[in-house]
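One structure below.
Bear in mind these aren't lab numbers, they're just calculated from the coordinates by the rules spelled out. It should be emphasised that the depicted structure is a prediction, and the values quoted were computed from it without experimental measurement. Note that each Cβ is placed from the backbone with ideal geometry, even for glycine, and that neighbours are counted across all protein chains shown.
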Amino acid sequence: MLTPIQRLCKYPLLLKEMLKHTPQDSPRYAVVQQAMEAAKEAASKVNDIQRAKENKKLINELQSRIEGWEGADITENSVELLLEAIVTKISHGKSQDRQFFLFDKLLVYGKENPLKKKHYQFKGRIALDKLIATDLPDGSALANKQANGVFSLSFLPCHLFFGSTPSSLLLDFFSHSA
């Protein structure tokens, strides 16, 4: 299956070389140029489809490592993993590491399973269309530390405050209902 796809990606290069050796005043020049553009477009679409398949496979594999997953599959709403990071959650004076997975339409977070490497206990998900991001001034206090690059993500009934300090990325989680 890969050979035809690989060949398809070589056609624009072949046609580009043909175009270099075709005189501009030749009636074939416009035809070769159109063929080259069509081949580029086809190769681009094939690459996009391959990338989408690879992203879906990556997301499905990631979701299979999230134990206790609840609700619809990630791929029903999101098509791309944008960022994966360990974030420190600070709540009621206690800090805990959480694994955050930022997708194009969803934020998923969990706790690392100490018995299985790269496996996580599902803790929650937030639809990005429900979030309101607010940039906070540099030097804002976050968990009693000065932080730069701080921003707040609000979704009812909670607020998430993110910021980077010299030592780590911190998350301060406050519930409005508490």
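Spatially close Lys pairs in segment 2-64, defined by Cα atoms under 17 Å apart and a spacing of eight or more places or different chains, total 7. Annotation: the residues VAL46, VAL32, sorted from fewest to most other C-beta atoms within 10 Å of their own C-beta, follow the order VAL46, VAL32. Listing PHE100, PHE122 from fewest to most neighbouring C-beta atoms within 10 Å gives PHE122, PHE100.
Tell me, what is the FRET efficiency for GLU17 and LYS117 to the nearest 0.05, using R0 = 41 angstrom and their Cβ-Cβ distance as r?
0.25
The GLU84 and ASN47 beta-carbon pair, evaluated with R₀ = 22 Å, returns a calculated FRET efficiency of approximately 0.40. Taking the number of Cβ atoms within 10 Å of each Cβ as an exposure proxy, the fewest-first ranking of SER95, SER64 is SER64, SER95. Projecting the Cα atoms of VAL31, LEU15, ILE59 onto the dipole axis of segment 2-64, where Lys and Arg carry +1 and Asp and Glu carry -1 at the beta carbon, places ILE59 farthest toward the positive end. Straightening the chain between HIS92 and ARG7 buys 24.7 nm, computed as 0.36 nm per residue apart minus the Cα-Cα spacing. Taking one quarter of the surface of the C-alpha convex hull of segment 2-64 gives a mean projected area of 4.7 nm². Placing unit charges on the Cβ atoms only, positive for Lys and Arg and negative for Asp and Glu, gives segment 2-64 a dipole magnitude near 140 debye about its Cα centre.
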